[in-house]
Amino acid sequence: QETETKRSPHIEAENGDAYWGRKLLFPLDQDFWKMQNFKVTVEAFDKRELQGALRGDSLIGRGELHLDSAQLGQAPQRKVPLTLRGQPAGELSLQFQIQAPQEALHIMAHSSRGSLAAAAKAFAQTLRQQSALDQLLASRPQVMWDMPQERLAAIHNLLSSWLSKFCQQSLRMTGDETDTTAIDALWQLARSAQEIIVCCTELAEDEDIPGIVVQWLRNYFSRCTHEDAELNETRLRALLAMHQDPSAGKRQIDPWARLQEYGARLPESSPRDLAFALASRLEEAARGQESEVFTCEEIVQNGRLAPGMAA
């Protein structure tokens, strides 16, 4: 799959160097957003009026650069070596950025009017932009502002991993899925977002964690769109409260035997309800191939609780 080719105006070189300082925008179709890796091809030509009129501008060199979306966010400026007939021919320094389409910003500004899938996809498109993580952190609710630097660094690292997973999952969507389908696809990520807040923030025991997530999203959507974003809070809270297979803990199983199968142990004095809850939670993690929020390691591996995991 290729985008269209664009040609820049010519510039004068001095002492073999030339500063370009121009921006080229390439429209990206829907399939591009699903891609994690892509290739950029550049060519440099020697602009000579007479020769160009007769035979066309001569090629200085050609170069290719293979990128992934994570690299763009971490180091947008890249050097592209140029070659001509197998020999070095200089290099180009370019800065690459992915820019969310205006349609995505419109969906975010009025997400209550559309589907959850469309809102999630638009959200993910903005998260592919440079400095998206910094923008997201700057949008956190007031209750999360007063935290020591080490906790801020921890939430930064956890969010970085979470954003990558969210983008991979959400950008697979067409945006036409029903809300039920979208919730089924995103509930694990919604839970992980709440776990990050709980792990990194000192909150009261009765704190409304889903409400914090909703406010965080509202702040970020408003920051991106420069409007008072409209969110369907009822729908968001349904997603945040979603648990895969809620009847899992009520099955007629021996919870102690199930925990033993997973390689997990509880103190002998633990109540049966706690054993049921833990066994059900491990079943849920195994079905969803969930990862631990700090280590990003799968909680259940080959049917067993990963080494070093603790409840």
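The values are calculated or read from the model by the stated rules, or taken from the named source; none is laboratory data. Since we're looking at a predicted model, the values are computed, not measured. Reconstructed Cβ throughout: ideal geometry from the backbone, glycine too, with neighbour counts over all protein chains shown. SASA here: full protein model, heavy atoms, side chains in, ligands and nucleic acids out. Shrake-Rupley method; radii C 1.70, N 1.55, O 1.52, S 1.80 Å.
Open to solvent by 60 Å² or more (accessible area, probe 1.4 Å), of a type in the set (Val, Ile, Thr) and in a helix (DSSP H, G or I): is that true of Thr174 in this structure?
Considered against the rule, which asks whether it is open to solvent by 60 Å² or more (accessible area, probe 1.4 Å), of a type in the set (Val, Ile, Thr) and in a helix (DSSP H, G or I), Thr174 comes out as no.
How many residues does region 129-147 contain that are open to solvent by 60 Å² or more (accessible area, probe 1.4 Å) and out of contact with any Ser or Thr (no Cβ under 9 Å at 6 or more places or on another chain)?
Number satisfying all stated conditions: 5.
Of the residues Trp187, Trp162, which single one is touching a residue at least 12 places away in the same chain (Cβ under 8 Å), out of contact with any Pro (no Cβ under 7 Å at 6 or more places or on another chain) and under 23 Å from Asp68 (Cα atoms)?
Result of the check over Trp187, Trp162: Trp162.
Scanning region 194-223 for residues that are open to solvent by less than 20 Å² (accessible area, probe 1.4 Å), assigned to a helix (DSSP H, G or I) and of a type in the set (Val, Ile, Thr), which turns out nearest to Ala109 (Cα to Cα)?
Val214
Evaluate the following for Arg191: is it in a helix (DSSP H, G or I) and either surrounded by 18 or more Cβ atoms within 10 Å (Cβ to Cβ) or touching a strand residue (DSSP E or B) at 6+ places or on another chain (Cβ under 8 Å) (or both)?
yes
Every residue in region 72-128 that is among the basic types (Lys, Arg), in a helix (DSSP H, G or I) and surrounded by 15 or more Cβ atoms within 10 Å (Cβ to Cβ), please.
Lys121 - this is the single residue of region 72-128 that is among the basic types (Lys, Arg), in a helix (DSSP H, G or I) and surrounded by 15 or more Cβ atoms within 10 Å (Cβ to Cβ).
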